[in-house]
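First the structure, in the form of structure tokens, and then the observations on it.
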2 protein chains.
Amino acid sequence: MIGRQEADSIERRSGVSLWRQIADRILQAIATGDFAENAALPPEVVLAERYGVNRHTVRSAISALVQEGVLRAEQGRGTFVLSRKRLSYPIGTRTRFSTGLQSQTSERHIVLLSSSVEPASQRVAEGLGLARGTEVIRLETRGEADGRPVSRAAGWFEARRFAGIDRAMAETGSITASLARFGIDDYLRQSTVLSARHADAADLADLDLQPGAIVLVTVAVNVTPDGEPLQFSETRFSAERVELRLSAL
Amino acid sequence: MIGRQEADSIERRSGVSLWRQIADRILQAIATGDFAENAALPPEVVLAERYGVNRHTVRSAISALVQEGVLRAEQGRGTFVLSRKRLSYPIGTRTRFSTGLQSQTSERHIVLLSSSVEPASQRVAEGLGLARGTEVIRLETRGEADGRPVSRAAGWFEARRFAGIDRAMAETGSITASLARFGIDDYLRQSTVLSARHADAADLADLDLQPGAIVLVTVAVNVTPDGEPLQFSETRFSAERVELRLSAL
DNA sequence: TATAGTTGTCTATATCAATAGACAAATTTA
DNA sequence: TAAATTTGTCTATTGATATAGACAACTATA
């Protein structure tokens, strides 16, 4: 990389405190592998000079990350990296939570948080090709890998056709397995729209994030091989824990 | 949507000032179309109550957005939305800047900012299937639509094979047209990895963003239909101006 | 032409964020 | 063991952030 010197500088009077900007930088460095797992961070004085701030400001950043479980500080020894690189979550025509992360994690599963029946909103109705107001089942789920939450999703299914999918989901912990109970043995991703924003209060709680964190948001429609809409979903990924790999679509 | 009441609340002591969080919310609302273009924002007192902060705090947020050219405030009348919804940028096997945004913009083009020859870094070499250190040409470009910067990209090409592609790029303003001069009349996107982070100082300058803004980052490899690597690229999109639509090819 | 509704400006106060310096406490190294 | 290195704690000061209240200036409308 060239000309990245000044990019290491920090924005003042930006509404984002310096300690949080520095915490972000450190997270970023860990996520991209610049700070290896278990390795010691440069000493506080060095970081302070690198970012052009006071040592105490660096300490604020570090203490936030210690709180967050990303770093461990040991008096007299140094500060060490606990967390690992980002998971790489594949998105393609055959997107499946568990299989996608299989090779990168020792354990992953989906937890059903809640379910409800509601009239389809405009966008849900559009996505599923239903009339607005048609009853749909809404499943709120969280995806976890190696004990850490990585994604939070809301999925909508036509209520009439998929009555009981909430129970299936609770029992199997898998969308794929749940759909199989309704005779769907294959489904494809028809469309995905992707955006990013700051995590809101709900995201922070659901994904166990700190304020100021970023979430990647996908809005997708899954269909049968024939093109019949099955599921409309909105998923939020923690941008600091996962990256999305667009596999041959 | 259900249960979004509390999500409207704001995080204190988060390292992100309240006025900036509120500015983000308003931007978000505009981007998703919740606040229509040219429409009046709710009065300051109402916003203050909605977000649970003082009116002066809301005013700070609004004044930042006025500065940014997103809002226009008129004493006695109200505050009005100037900017429009996010552009939807398609990503698929045939991803082309200009064609992708054609229907949504009246004008778009790519500006060549700089070019240089350098030895391939680890990741560039891997992406292009070259030995590390092989000479590559690096093109720095900015994509603009309707006069606003939407993306900032670095692209790497094998220097030996694509000598002069910088000139071609400067003249044509198009990757597709430049590659055509080297006998490449079609190319496909082989892989794309997507992540999100806060904009750094370089992003802020290049994309004309405000501190605290978010960028979507894609790292991609383009290949010939035969699978021969042509281009390795890293692109940063302003998350408040574009969303990425993953198109099935 | 009042009146209500809205943005703009001013003063004051309290808390958070950042800098500065000094030294304690723990660990590693010479 | 002594010295060097590193994190932890304390005090003090400055500027940015947030709250509070009052009122001016401007616009639309009854």
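Has segment A:62-70 got any residue that is open to solvent by 60 Å² or more (accessible area, probe 1.4 Å), part of a loop (DSSP other than H, G, I, E, B) and more than 10 Å from chain B (Cβ to nearest Cβ)? It would help to see each step written out before you state the result.
Restricting attention to segment A:62-70, the residues satisfying the condition of being open to solvent by 60 Å² or more (accessible area, probe 1.4 Å) are A:63, A:67.
Within this subset, residues satisfying the condition of being part of a loop (DSSP other than H, G, I, E, B) are none.
Scanning segment A:62-70 turns up no residue that is open to solvent by 60 Å² or more (accessible area, probe 1.4 Å), part of a loop (DSSP other than H, G, I, E, B) and more than 10 Å from chain B (Cβ to nearest Cβ).
Might you check whether a residue that is in a loop (DSSP other than H, G, I, E, B), within 21 Å of the chain's Cα centre (by Cα) and either charged (D, E, K, R) or not assigned by TED's automatic domain parsing to the domain that holds B:Leu204 (or both) occurs anywhere in segment B:108-121? The answer is no, given that none of the residues of segment B:108-121 is in a loop (DSSP other than H, G, I, E, B), within 21 Å of the chain's Cα centre (by Cα) and either charged (D, E, K, R) or not assigned by TED's automatic domain parsing to the domain that holds B:Leu204 (or both).
Against the numbered list (1) in contact with a Ser or Thr (Cβ under 9 Å, 6 or more places away or on another chain); (2) within 16 Å of DNA strand D (Cβ to nearest atom); (3) away from chain B (no Cβ under 14 Å), A:Arg77 comes up short only at (1).
A residue that is within 29 Å of B:Gly92 (Cβ to Cβ), at pLDDT 85 or above and open to solvent by less than 40 Å² (accessible area, probe 1.4 Å) occurs somewhere in segment A:201-209.
Is there a residue being surrounded by fewer than 16 Cβ atoms within 10 Å (Cβ to Cβ), touching a Gly at 6+ places or on another chain (Cβ under 6 Å) and under 15 Å from A:Ser238 (Cα atoms) anywhere in segment A:95-106? Checked against the condition, which is being surrounded by fewer than 16 Cβ atoms within 10 Å (Cβ to Cβ), touching a Gly at 6+ places or on another chain (Cβ under 6 Å) and under 15 Å from A:Ser238 (Cα atoms), segment A:95-106 yields no hits at all. The criterion of being touching a residue at least 60 places away in the same chain (Cβ under 8 Å) and in contact with a His (Cβ under 9 Å, 6 or more places away or on another chain) does not hold for B:Val124.
Only one of the numbered conditions (1) assigned to a loop (DSSP other than H, G, I, E, B); (2) open to solvent by 60 Å² or more (accessible area, probe 1.4 Å); (3) charged (D, E, K, R) is violated by A:Asp186, and that is (2).
Can you tell me which residue within segment A:152-171, out of those that are open to solvent by less than 10 Å² (accessible area, probe 1.4 Å) and not aromatic (Phe, Trp, Tyr), is farthest from A:Glu234 (Cα to Cα)? Among those residues, the one meeting the criterion is A:Ala168. Scanning segment B:217-239 finds no residues that are basic (Lys, Arg), more than 8 Å from chain A (Cβ to nearest Cβ), under 14 Å from the mean Cα position of the chain (by Cα) and open to solvent by 20 Å² or more (accessible area, probe 1.4 Å).
The values are calculated or read from the model by the stated rules, or taken from the named source; none is laboratory data. Bear in mind the structure is a predicted one, so any value in this text is a computation, not a measurement. Cβ sites come from the backbone with ideal geometry, for glycine too, and all protein chains shown count toward neighbours. Please note that ligands, DNA and RNA were not included when accessible areas were found on the heavy atoms of the full protein model with its side chains. Shrake-Rupley method; radii C 1.70, N 1.55, O 1.52, S 1.80 Å.
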